[in-house]
Amino acid sequence: MQNKPFSIAIDGPAGAGKSTMAKALAKSLDAMYLDTGAMYRAIGLYMLRRDAVNNAAAIAKAVEDVDIAVRYIDGAQHLFLGDEDVSQAIREPEVSMAASTVSAVPEVRERMVALQRGIAEGQNVVMDGRDIGTKVLPNATLKIYLTASAEERARRRCRELEEKGMPESYEKVLQDMIRRDYQDTHRAASPLQPAEDSVHVDSSNMTIDETVALMRRLAIEAIEKR
Ligand code: DC
């Protein structure tokens, strides 16, 4: 009999390295990777362009009609708004805060969660976000809550922005990170919190390779036990 597909949920605050680690983990397990934050970012960008990030009613209305799609091109996840590939545009720092703001609107979460479940259905998947273990995949084979100190996360984000040619000051990145953490953990709809049955991994003092290796060990153990 065919084994039922496995799913690995990775949640945690901004900048903990979720997407880097989750992507590497998915590759090593030959599973599909879904970055759910990119979907909220696309909605954030859509509302920024309409100058309506702080208008919850407009956001709730827009999310019903927005033509958002996740496509895989040469194995990499791309986000589309209509025919436009917005995968680059959604990485701009101003989109981070907009994504956090629109993600607090319940109608946005409802539509994104439904899309995420649809994409993952029937596949081996590694998914990262804020509510994957608590809401999107409550029966995930393994749930990891990935953290690192705010200072370490800000340092990493600065490096990443610099590599992308979009440098920002450490102070600004740290302040943004703390504000976004607050917003993500204090919203009423599916706030960021560890699932009760999640394994906590603190990557502050580990390299990427060490963290991925630890996550892979946990994943294989959980997959074998399923
Ligand atoms: O992971 P990220 O930084 O790309 O996510 C951008 C924002 O989207 C984040 O501040 C909160 C929101 N988000 C969410 O509410 N739920 C998810 N599953 C993923 C992201």
5 angstrom amide H check on residue 201, placed H, neighbours 5+ away: 145, 146, 147
query: Mean residue ellipticity at 222 nm from the helices of the chain, using -39,500 (n - 2.57) per DSSP H segment of n ≥ 4 over the full residue count, to the nearest 500 deg cm²/dmol?
result: -15500 deg cm²/dmol
- prompt: Alpha carbon centre of the stretch 54-77 versus the stretch 134-179: separation in Å?
  reply: 22 Å
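Hand me the tally of lysine pairs in the stretch 126-226: alpha carbons under 29 angstrom apart, and the pair either on different chains or 8 or more positions apart.
Step by step, the pairs that qualify in the stretch 126-226 add up to 4.
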- line: With a ≥ b ≥ c from the Cα gyration tensor eigenvalues, square-rooted, and the rule rounded for a/c under 1.5, otherwise prolate when a/b > b/c and oblate otherwise, the chain is oblate
Phi to ³J(HN,Hα) by Karplus 6.51 cos²θ - 1.76 cosθ + 1.60 over the stretch 178-194, Hz, x for Gly, Pro: 5, 5, 5, 4, 4, 4, 5, 8, 10, 6, 6, 8, 6, x, 5, 7, x
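Scanning the chain for GluC sites (Glu not before Pro) in DSSP loops with at most 10 other Cβ atoms within 10 Å, what's the longest stretch left with none?
Here the longest segment lacking exposed loop sites spans 1-120.
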message: Only counting other Cβ atoms within 10 Å, I'd like 207, 134 sorted with the fewest neighbours first.
response: 207, 134
task: Would you mind ranking 128, 30 by Cβ crowding within 10 Å, fewest neighbours first?
output: 30, 128
message: For a quick check: with amide H placed at 1.01 Å from N, whose amide H comes under 5 Å from residue 33's, ignoring anything fewer than 5 positions away on the same chain?
response: 126
message: Please list, in order along the stretch 19-31, the HN-Hα scalar couplings obtained from phi with the Karplus expression 6.51 cos²θ - 1.76 cosθ + 1.60 (θ = phi - 60°), rounded to whole Hz, x for Gly and Pro.
response: 5, 4, 5, 5, 5, 5, 5, 4, 4, 5, 9, 6, 10
task: For the stretch 115-130, just list the computed ³J(HN,Hα) in residue order, Karplus coefficients 6.51, -1.76 and 1.60, θ = phi - 60°, integers in Hz, with x standing in for Gly and Pro.
output: 4, 5, 5, x, 5, 7, 3, x, 10, 6, 9, 10, 10, 10, x, 10
Neighbour-count ranking [beta-carbon atoms within 10 angstrom, fewest first] of 132, 68: 68, 132
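Values quoted throughout were computed directly from the atomic coordinates according to the rules given, and no laboratory measurement underlies them. Note that this is a predicted model, so its numbers are computed, not measured. Using ideal geometry, Cβ is built from the backbone for each residue, glycine included, and neighbour counts are taken over all protein chains shown.
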